[in-house]
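All remarks here apply to the structure that follows.
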Amino acid sequence: MPIEYADQLQDPLLIEHGVVDDNVMASDSIRLYQRLIELHKQNFWMSLYPVERHGFMHADSWHDEYQRIVELFNTYVKPVKDAVVGN
């Protein structure tokens, strides 16, 4: 999400970033996170991975990353889907 559109955030957002990423600087994600704070947005989180670059390589990082994605899905996406189909 470009920072220029941060004010339009409506859905939950999980930002996951490798700190030693030399493709997209971690500071970009940190600035976005700060902007969301300034805008008083809710339901956004950031996970920083100190030993990861742009493509995660460490199994522990992968595990943590996907655990957080599953939690976000189960908390915010799945209940809406279940409500729509009447489950």
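Output the qualifying pairs, or none if there are none: Cβ atoms under 7 angstrom, residues six or more apart or on different chains, first residue in region 1-18 and at pLDDT below 95, second residue charged (D, E, K, R). From residues that are at pLDDT below 95, the pairs are Ile3/Arg31; Ile3/Arg35.
Considering each residue of region 50-72, count those that are under 23 Å from Asp11 (Cα atoms) and either at pLDDT below 95 or touching a strand residue (DSSP E or B) at 6+ places or on another chain (Cβ under 8 Å) (or both), and give that number. Matching residues across region 50-72 total 5. Any residue that is loosely packed, with under 12 Cβ neighbours inside 10 Å, among the aliphatic types (A, V, I, L, M) and either in contact with a Ser or Thr (Cβ under 6 Å, 6 or more places away or on another chain) or outside any strand (DSSP E or B) (or both) - is there at least one of those in region 44-56? For region 44-56, residues loosely packed, with under 12 Cβ neighbours inside 10 Å, among the aliphatic types (A, V, I, L, M) and either in contact with a Ser or Thr (Cβ under 6 Å, 6 or more places away or on another chain) or outside any strand (DSSP E or B) (or both): absent. All conditions but one from (1) of a type outside the set (Lys, Arg); (2) part of a helix (DSSP H, G or I); (3) over 24 Å from Asn74 (Cα atoms) apply to Asp21; the one that does not is (2). When the residues of region 32-43 are narrowed to those that are in a helix (DSSP H, G or I) and in contact (Cβ under 8 Å) with a residue 24 or more places away in the chain, which ends up farthest from the chain's Cα centre (by Cα)? Per the criteria, the residue is Arg35.
Of the residues screened, Ser29 is one that is of a type in the set (Ser, Thr, Tyr), touching a residue at least 12 places away in the same chain (Cβ under 8 Å) and part of a helix (DSSP H, G or I).
Against the conditions (1) in contact with a strand residue (DSSP E or B) (Cβ under 9 Å, 6 or more places away or on another chain); (2) surrounded by 11 or more Cβ atoms within 10 Å (Cβ to Cβ), Gln34 satisfies every one except (1).
Return the residue satisfying two criteria in turn: it lies in region 1-18 and is in a helix (DSSP H, G or I) and of a type in the set (D, E, K, R), and of such residues it is nearest to His40 (Cα to Cα). Reasoning before the result, please.
Filtering region 1-18 down to residues in a helix (DSSP H, G or I) leaves 3-8.
Subset that is of a type in the set (D, E, K, R): 4, 7.
On the way: Glu4: 15, Asp7: 9 Å.
Selected residue: Asp7.
The values are calculated or read from the model by the stated rules, or taken from the named source; none is laboratory data. Being a predicted model, the structure only gives us computed values, none of them experimental. Positions of Cβ are generated from backbone atoms using ideal geometry, with glycine treated the same way; all protein chains shown enter the neighbour counts.
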